[in-house]
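The values are calculated or read from the model by the stated rules, or taken from the named source; none is laboratory data. Model, not experiment: these values are computed from the prediction. We place every Cβ from the backbone using ideal geometry, glycine too, and count neighbours over all the protein chains shown. Protein only, heavy atoms only, side chains kept; ligands, DNA and RNA dropped before computing areas. Shrake-Rupley method; radii C 1.70, N 1.55, O 1.52, S 1.80 Å.
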Amino acid sequence: MHDSFDINIEQISKTEGHADIEVKIRKGKVEDVKLKINENKRFYTQAVRNRHFSSVPQFVSRICGTCSIAHLTCSIESIEKCLEITPTKQTELLRKLSVYGMMIRDHALHLYFFCLPDVFNTDSVFDFDESKNYLIKQGFSVKSLGNNLSKVVAGRAVHPTFEKVGQFSHLPSKENLKELLSQFKETRDTVLELIKIFYECNFDLSRESTFVSLVTDDFSFLEGEIASSDGMKIKEDEYWNHLERVIIPYSQAAGFRFRDKEYMVGALARLNLNKKSIHENSKKDVSEILKVFPSNNIYHNNLAQSIEILHCIDHTIQILEENEFTHESPPEIKTREGKGVGVIEAPRGTLYHMVELNREGKVQFANFVIPTAQNQIKMENDIKNLLPSILDKDKHFIYHELEKIIRAYDPCMSCASHFLRLKWI
């Protein structure tokens with residue numbers, strides 16, 4: 001066993017954004033663990049002040065390219081709540097498709113290119129032997145499927161332009177939707193193979209945990225009720241009342257506790273709390289695998305993401321087969337003073353946007369709660385809990401295990417680092 005040493009991992013590999021890990025081991029005991037999210041702060045909560053609401057969604061989508069559709073959609077929802085605008089059923093369907101495109105693309109990037117190297121014990125996909133090269137092609141195929149859906153429905157895969165407050169400014173053509181439908185049906189079996197890989201993966205880091213997610217009737221990641229694994233049910237606009245913001249002085253992001261406890265948001269939380277709402281066709285093909293949930297194994301977050309890709313494909317197929325999109329008049333928008341809260345499920349978990357507008361429709365105050373920031377405390381504690389059991393291993397193994405834990409959360413450091421306002425003393 002290593003008795004006393006320090007671990008310093010600079011720039012955790014195969015994650016979105018930048019973070020370091022620092023660990024201090026003394027006399028065989030873990031004295032300190034620091035997960036240091038070190039992206040530069042950009043103060044979006046301050047930057048949106050005095051902006052007219054019409055420019056805010058596109059502006060905050062720049063928080064992160066990877067999660068741009070999530071921030072755009074959540075911001076629009078907060079403004080609609082403030083202005084008392086109810087989107088039409090067609091607009092809601094188009095939003096679901098837009099978010100599904102993001103989920104497919106984002107999960108595919110994480111699972112195929114960040115996590116499969118861990119599963120096959122290689123440093124990267126470039127080290128796959130010829131027998132596994134087909135997985136790289138499949139990864140690009142699934143990722144492209146998500147990109148194409150977002151392009152057709154929302155205008156672009158990153159920072160899309162069609163989604164507006166109360167409407168979509170353009171409608172997808174029937175020809176493009178027909179082509180998409182064919183692509184989705186062709187790709188479905190590929191995703192079933194991915195699910196099988198993560199189901200058979202034997203990685204395990206389990207401990208009792210609190211999970212929190214938005215629960216929806218159709219697992220659409222939009223509109224619903226926030227639930228926790230300890231039985232809480234919370235309205236979307238009350239979420240902030242149950243959170244405690246924690247300043248982490250060595251990190252550029254604030255952490256959060258839920259009712260005074262560490263907690264996890266993300267795909268694992270969603271499957272633990274809402275698997276009954278998975279699309280029926282998905283349930284049919286992965287019924288045995290769904291028995292894994294609820295799970296306390298953090299590595300089942302990867303399995304949960306792969307199942308979510310299948311659900312997004314199946315629900316997209318249903319929406320495209322059952323609906324035709326026709327021109328609608330944009331809603332009448334009356335500027336008013338008020339506060340609105342938007343809550344959606346981003347790829348990495350529950351995303352909260354709150355905005356306060358004045359009579360002129362300009363932002364007076366904004367607050368954002370980001371999934372990775374909510375997971376930050378639990379990520380650190382998972383490392384603390386794992387380390388004592390692997391101190392007898394070589395340092396390369398220890399380093400790799402710590403990175404694997406962080407990767408399992410699929411963190412987005414870029415999103416997490418933008419909202420902390422520090423008062424230095």
Take the conditions modelled with pLDDT under 85, out of contact with any Pro (no Cβ under 6 Å at 6 or more places or on another chain) and hydrophobic (A, V, I, L, M, F, W, C) and apply them to PHE43. Does it pass? yes
Every residue in the range 227-251 that is surrounded by 14 or more Cβ atoms within 10 Å (Cβ to Cβ) and in contact with a Ser or Thr (Cβ under 7 Å, 6 or more places away or on another chain), please. ALA227, SER228, SER229
Quick count over the range 356-372, residues being open to solvent by 20 Å² or more (accessible area, probe 1.4 Å) and among the hydroxyl-bearing types (Ser, Thr, Tyr), is 0
For the range 335-349, name all the residues that are more than 22 Å from VAL212 (Cβ to Cβ) and not in a strand (DSSP E or B). THR335, ARG336, GLU337
Would you check if there is a residue in the range 199-219 being over 30 Å from LEU94 (Cβ atoms) and assigned to a helix (DSSP H, G or I)? yes
Residues to consider are LEU268, LEU290, LEU310, LEU303; find the one that is closer than 21 Å to HIS110 by Cα and more than 19 Å from the chain's Cα centre (by Cα). LEU290
Identify the residue in the range 304-343 that is among the polar types (S, T, N, Q) and surrounded by fewer than 23 Cβ atoms within 10 Å (Cβ to Cβ) and, among all such residues, is farthest from LEU83 (Cα to Cα). GLN318
With part of a helix (DSSP H, G or I) and either free of Cβ contacts under 8 Å to residues at least 24 places away in the same chain or open to solvent by 10 Å² or more (accessible area, probe 1.4 Å) (or both) as the only criterion, which of ASN385, ASN301, ASN274, ASN375 stands out? ASN385
Pull up the range 391-425, narrow it to residues that are open to solvent by less than 10 Å² (accessible area, probe 1.4 Å) and not in a helix (DSSP H, G or I), then point me to the one that is modelled with the lowest pLDDT. LEU420
Can you tell which of LYS81, LYS34, LYS24 is closer than 20 Å to GLN252 by Cα, in contact with a strand residue (DSSP E or B) (Cβ under 7 Å, 6 or more places away or on another chain) and either assigned to a helix (DSSP H, G or I) or modelled with pLDDT under 95 (or both)? LYS34
